[in-house]
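A quick write-up on the structure given underneath.
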Amino acid sequence: HKVSFYGREFRIDSHTLIPRPETEILVEKIQEILHIHHYTSIAEIGVGCGVIAITLALQNPQIHIYATDINPYAIALARENAIKFGVEKQITFFHTSLLQGLEHICLDMIVANPPYIANSYTLPLSVRYEPKEALFGGEVGSEILESIITLGRDLRICFVCCEMGYDQKAKIQDFVREIPHKSLEFYKDLSGFDRGFVLQFL
Ligand SMILES: C[S@@+](CC[C@H](N)C(=O)[O-])C[C@H]1O[C@@H](n2cnc3c(N)ncnc32)[C@H](O)[C@@H]1O
């Protein structure tokens, strides 16, 4: 199977999430930051089939991406896609949770489109066959997003950019309120729903 992302054809399979068009907006937000700050060291948590990491690598030859996923099939597929697009030297893959084992790497930015749906949510038929660990983020749904923000703080990262659920803006605002930061901006998807955030630390 194939899916188009940012005008490029990526291989997908039944073990990984089918990339969604709204995730292209996350890539644009990250790209805006890279135009200003010229960062070189980026981590992606939950790389899936690799659309975000590979698109960023292609658009920014100076960056290196440390990409993680708990799903070994996703890692294998993302690596295959990276080779297809000739960016395998720009991306290092880690089969791990969050950034476990990567704490020694000096990172400028963490990006993620993590699972963010509450465990109790009944999925529509159209997504019922996609892997559960790609979709469900915990009892409340925002647990993995909050872990990523906490990691950004603990590792003294400059920016954390994430996709999120349309109803998670208030949750994220409340969570970030307790954490010293420079700015928190939310963005909407093409349907006008809140869909993600860019958090800049001090
Ligand atoms: C919503 S999918 C996103 C895939 C791809 N980045 C995209 O945007 O299409 C979330 C991915 O996160 C992975 N994942 C779930 N929990 C994780 C964790 N604790 N650490 C790393 N990856 C995780 C899943 O296996 C899945 O590939």
Please specify each residue of region 77-90 satisfying the condition of being away from the ligand (no atom under 11 Å from the Cβ), hydrophobic (A, V, I, L, M, F, W, C) and touching a strand residue (DSSP E or B) at 6+ places or on another chain (Cβ under 9 Å). ALA82, PHE85, VAL87
State all residues of region 147-172 that are more than 22 Å from PHE136 (Cβ to Cβ) and open to solvent by 30 Å² or more (accessible area, probe 1.4 Å); if no residue qualifies, say none. ARG153, ASP154, LEU155, ARG156, CYS158
ALA43 passes all but one of the listed conditions (1) within 14 Å of the ligand (Cβ to nearest atom); (2) on the phi < 0 side of the Ramachandran plot; (3) touching a helix residue (DSSP H, G or I) at 6+ places or on another chain (Cβ under 6 Å); the exception is number (3)
Complete set of residues in region 174-202 that are open to solvent by 70 Å² or more (accessible area, probe 1.4 Å) and not acidic (Asp, Glu): ARG177, PRO180, LYS182, LYS188, LEU190, SER191, PHE193, LEU202
Search result, residues across region 9-21 that are open to solvent by less than 50 Å² (accessible area, probe 1.4 Å) and within 10 Å of the ligand (Cβ to nearest atom): PHE10, ILE12, THR16, LEU17, PRO19
Checklist (1) open to solvent by 90 Å² or more (accessible area, probe 1.4 Å); (2) of a type in the set (A, V, I, L, M); (3) touching a Gly at 6+ places or on another chain (Cβ under 9 Å) applied to LEU125, failing item: (3)
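Do the conditions hold for ILE18, that is, is it at pLDDT 95 or above and either aliphatic (A, V, I, L, M) or closer than 20 Å to LEU102 by Cα (or both)?
Values: at pLDDT 95 or above: no; either aliphatic (A, V, I, L, M) or closer than 20 Å to LEU102 by Cα (or both): yes.
Here the answer is no, as ILE18 does not meet what is asked.
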When residues of region 51-66 are limited to those that are within 12 Å of the chain's Cα centre (by Cα) and not β-branched (Val, Ile, Thr), the one nearest to the ligand (Cβ to nearest atom): ALA53
Just to be sure I understand the filter: pairs with C-beta atoms under 6 Å, separated by 6 or more residues or on different chains, first member in region 44-68 and within 22 Å of GLU103 (Cα to Cα) and free of Cβ contacts under 8 Å to residues at least 40 places away in the same chain, second member open to solvent by less than 20 Å² (accessible area, probe 1.4 Å) and part of a loop (DSSP other than H, G, I, E, B). Which pairs pass? ALA53/VAL47; ALA57/VAL87; ALA67/VAL47
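Pick out, from region 135-198, the strands (runs of 3 or more DSSP E) lying fully within it that include 2 or more residues that are among the charged types (D, E, K, R). I'd like the intermediate steps shown before the answer.
Numbers: elements: 136-138, 159-163, 183-188.
Here the list reads 183-188.
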Would you please list the contacts, defined by Cβ atoms under 7 Å and residues six or more apart or on different chains, that run from a residue in region 7-31 that is closer than 20 Å to ILE110 by Cβ to a residue that is open to solvent by 60 Å² or more (accessible area, probe 1.4 Å) and more than 9 Å from the ligand (Cβ to nearest atom)? GLU22/LEU190; GLU24/TYR6; VAL27/TYR6; GLN31/GLN59
Pull out all pairs, ordered by first then second residue, where Cβ-Cβ is under 6 Å, the residues are six or more apart or on different chains, the first lies in region 80-95 and is aliphatic (A, V, I, L, M), and the second is assigned to a strand (DSSP E or B). ALA82/ILE91; ILE91/ILE65; ILE91/ALA67
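The values are calculated or read from the model by the stated rules, or taken from the named source; none is laboratory data. Computed from a prediction, not measured in an experiment: that's the story for all the values here. As a convention, Cβ positions derive from the backbone with ideal geometry for all residues, glycine included, and neighbour counts pool all protein chains shown. Surface accessibility is based on the protein's heavy atoms, side chains included, excluding ligands, DNA and RNA. Shrake-Rupley method; radii C 1.70, N 1.55, O 1.52, S 1.80 Å.
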